[in-house]
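**Student:** Please see the structure below; I have some questions.
The values are calculated or read from the model by the stated rules, or taken from the named source; none is laboratory data. What you see is a predicted model, and the numbers here were worked out from it, not measured in a lab. Positions of Cβ are backbone-derived with ideal geometry, glycine not excepted, and every protein chain shown enters the neighbour counts. SASA here: full protein model, heavy atoms, side chains in, ligands and nucleic acids out. Shrake-Rupley method; radii C 1.70, N 1.55, O 1.52, S 1.80 Å.
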Amino acid sequence: MVTTAAPCVYFKDLAPFLPESLEGFTVGSTAGSTGKYGEVSVSEAERTYTRGEGREVKVRIVDTTMGLKLGQAIREAAHKARGRAASDPTAPIQWKEAVGFVRYDAEEAVAEANLLVGDRFVVAVTSRGFPSTVEVRRVARGIDLAGLARLQ
């Protein structure tokens, strides 16, 4: 069964919500696409930022007809983590504009924040080469989540 929502916005409408720049980083590639795969529609925009050798941050914004299902999974993961202290690097994100979960793989030095914005859009911020989740939280906080939530 496919969960349907409002039709996806075109990827070029998502791209303006990707940070133009990140302090201390070089802006790398920007990519995006909108497509229909059977009954599922997906639009996504992604930008990569690099700092020195081996340090990178990616921001991806996704709108999909599977958004309700993805949103439910994000909410459940955030709910499961709700007892963690605010100082815990994997504490959930509970902001006015977004709810999400954060994870960190110390072995790979990869952090990831997955946010549900406006009960529709999924924003994924991934970092490589950083010792914690501080960078993904900082970058996520700098995105115009309220503006994205208003996008139709």
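**Student:** Being more than 19 Å from LEU70 (Cα to Cα), at pLDDT 95 or above and assigned to a loop (DSSP other than H, G, I, E, B), is that true of even one residue in region 120-129?
**Tutor:** yes
**Student:** Something else: With (1) under 16 Å from the mean Cα position of the chain (by Cα); (2) assigned to a strand (DSSP E or B) as the list, and LYS96 as the residue in question, which single condition is left unmet?
**Tutor:** (2)
**Student:** Hey, can you tell me all the residues within region 99-118 that are small (Gly, Ala, Ser), in contact with a strand residue (DSSP E or B) (Cβ under 7 Å, 6 or more places away or on another chain) and in contact (Cβ under 8 Å) with a residue 24 or more places away in the chain?
**Tutor:** If we filter region 99-118 for residues that are small (Gly, Ala, Ser), which is where we start, we get 100, 106, 109, 111, 113, 118.
Filter once more, keeping what is in contact with a strand residue (DSSP E or B) (Cβ under 7 Å, 6 or more places away or on another chain): 100, 109, 111, 113.
GLY100, ALA111, ALA113 - these are the residues of region 99-118 that are small (Gly, Ala, Ser), in contact with a strand residue (DSSP E or B) (Cβ under 7 Å, 6 or more places away or on another chain) and in contact (Cβ under 8 Å) with a residue 24 or more places away in the chain.
**Student:** Looking at LYS96, LYS69, which is the one that is among the charged types (D, E, K, R) and in contact (Cβ under 8 Å) with a residue 60 or more places away in the chain? Reasoning before the result, please.
**Tutor:** Values: LYS96 fails: in contact (Cβ under 8 Å) with a residue 60 or more places away in the chain.
Of the residues listed, the single one that is among the charged types (D, E, K, R) and in contact (Cβ under 8 Å) with a residue 60 or more places away in the chain is LYS69.
**Student:** In this structure, is THR50 among the hydroxyl-bearing types (Ser, Thr, Tyr) and either touching a Lys or Arg at 6+ places or on another chain (Cβ under 6 Å) or farther than 22 Å from ALA140 by Cβ (or both)? Break it down into steps so the answer makes sense when it comes.
**Tutor:** On the way: among the hydroxyl-bearing types (Ser, Thr, Tyr): yes; either touching a Lys or Arg at 6+ places or on another chain (Cβ under 6 Å) or farther than 22 Å from ALA140 by Cβ (or both): no.
No; evaluated as a whole, the condition is false for this residue.
**Student:** So the check is Cβ under 6 Å with 6+ separation or different chains; which pairs have a first residue in region 120-137 that's among the hydroxyl-bearing types (Ser, Thr, Tyr) and a second one that's open to solvent by 40 Å² or more (accessible area, probe 1.4 Å)?
**Tutor:** Every condition considered, the pairs that remain are THR126/LYS58; THR126/GLU112; SER132/PRO89; THR133/PRO89; THR133/TYR104.
**Student:** What is the residue count in region 99-111 for residues that are open to solvent by 50 Å² or more (accessible area, probe 1.4 Å) and assigned to a strand (DSSP E or B)?
**Tutor:** Taking region 99-111 and keeping what is open to solvent by 50 Å² or more (accessible area, probe 1.4 Å), we get 103-108.
Cutting the leftovers down to assigned to a strand (DSSP E or B) gives us 103-105.
Result for region 99-111: 3.
**Student:** Oh, and also: Would you please name the residue that is most open to solvent (accessible area, probe 1.4 Å), looking only at residues in region 80-98 that are out of contact with any Gly (no Cβ under 9 Å at 6 or more places or on another chain) and closer than 25 Å to ARG150 by Cβ?
**Tutor:** Restricting to residues being out of contact with any Gly (no Cβ under 9 Å at 6 or more places or on another chain) and closer than 25 Å to ARG150 by Cβ, the top hit is LYS96.
Conditions tested, residue by residue: (1) on the phi < 0 side of the Ramachandran plot; (2) at pLDDT 90 or above.
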site	(1), (2)
PHE17	yes, yes
GLY35	yes, yes
GLY38	no, no
THR64	yes, yes
LEU68	yes, no
ARG75	yes, yes
ALA85	yes, no
ALA91	yes, yes
LYS96	yes, yes
